[in-house]
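Structure first, then comments.
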Amino acid sequence: MRATILYGPRDIRFEECDEPKILESTDALIRIAVTCVCGSDLWPYRGLQPLDGPTPMGHEYCGVVEDVGRAVKLIKPGQFVIGSFATSDNTCPNCEYGYPSSCVHREFITRAQAPLLRVPLADGTLVPTPGIPSDDLLPSLLAASDVLGTGWFAADAANVKPGATVLVVGDGAVGLLGVLSAKQMGAERIIAMSCHAPRQKLAREFGATDIVAERGEAGVERIMDMTRGIGVDSALECVGTQESMMQAIHATRRGGSVSYVGIPHGVELDGQALFFGHVHLHGGPAPVRKYLPKLIDLVLNGKIKPGKVFDLELPLAQVAEGYRAMDERRAIKTLLRP
Ligand SMILES: [Zn+2]
Ligand SMILES: [Zn+2]
């Protein structure tokens, strides 16, 4: 089969690879229905994260189970399944505390931009849908695999409550779905920071009530003006840079909460600023597996349409163009069909 390999900065290739096989008795093999390019894939693509030689890519996936190892009890061949980018057994203490993305047996999925994928710890990692979903639901179900689950965690970790005023920093797919998640959790006012018209429009469709186009300290000032100089109850940091982290912290009221779900690149926090900022901080790799049953339900019942974040769809063989379009900000997120 052919699969996606990153060789170096902006050098993505779709080339012949060995087919994955069942290696452990707890594995499943998935025939990928749809997969996609993640914002986090752009860090190594842009050369901002060193590579250890040619690297297989892709960690967002859904599809039909082709085969399972002999220890797999809950997942069966023929089922349509969605899984997280982090595998989990769902039985260790970290899983039981609600952090399957820190499972003591965690592995990160890295080969999903391919027609066939091996998923370790299949019983803990995968969630089946009742029956095979219709084609129009696939983008939204795929979104649950990472960007929706991560946006949901951003809102949950920022303690979004009914009636809250919420700030979302970052207008990538995760930020946009952070808006959708905050709306679902009952936020009254949702301020999205974005200076790109198509993303502003989608943010409004997902529930944003205000858009702030200014960035950095000017952005913080605008948000202070909008909140009587007090700041927001909850801020969702969905980028991972120093600037976005400080925007989130500085725009949050005393006693408010800041979540951070973008993989940090060069973020350093000053102890004094944290001390006097008086905010709750919570973030990390999103425990997507914990939210999957609820998110799948919301999608299947037509309550949410997170798949709208995919504004470009390509055959998997054109994956390189999918990366390019996101790198040049011509696309928010690229969906790929094997
Ligand atoms: Zn991702
Ligand atoms: Zn675990």
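Observations, loosely collected:
- Neighbour cut-off at most 10 other Cβ (10 Å), DSSP loop, trypsin sites (Lys or Arg not before Pro), segment 233-338: Lys303
- At 0.692 mPa s and 37 °C, Stokes diffusion of the chain via Kirkwood alpha-carbon radius, µm² per second: 163
- Spin-label proximity, Gln49 to segment 222-254 - amide N less than 20 Å from point 7 Å beyond Cα toward beta carbon: 237-246
- Between segment 81-100 and segment 121-137, the alpha-carbon center distance in angstrom: 16
- Mean Cβ count within 10 Å, highest first, over the residues of peptides 170-181, 59-70, 228-239: 170-181, 228-239, 59-70
- With the largest listed first and rounded to whole Å, the semi-axes of the equivalent ellipsoid of segment 266-338 from the Cα gyration tensor are 33, 22, 11.
- Filtered GluC sites (Glu not before Pro), segment 93-197: DSSP coil and at most 14 other beta carbons within 10 Å: Glu107, Glu188
- Helical runs assigned H by DSSP (4 residues or longer) give the chain a calculated mean residue ellipticity at 222 nm of -8000 deg cm²/dmol, each run adding -39500 (n - 2.57) before division by the residue total.
- Between the Cα long axis of helix 173-184 and the first principal axis of the chain there is an angle of about 70°, rounded to the nearest 10.
- With N the number of residues in segment 185-338, Rg(Cα) / (2.2 N^0.38 Å) evaluates to 1.16.
- Computed magnitude of the charge dipole of the chain (debye, nearest 20; Cβ of K, R +1, Cβ of D, E -1): 680
- On Cα atoms only, tilt of 147-157 relative to the major axis of the chain in degrees: 40
- Distant-in-sequence amide H partners of Val232 (H built 1.01 Å from N, under 5 Å): Thr252, Arg253
Every number in this text was worked out from the coordinates using simple rules, so none of it is lab data. Predicted, not measured: the structure shown is a model, and the values here were computed from it. Here the Cβ is made from the backbone with ideal geometry for all residues, glycine too, and neighbour counts use every protein chain on show.
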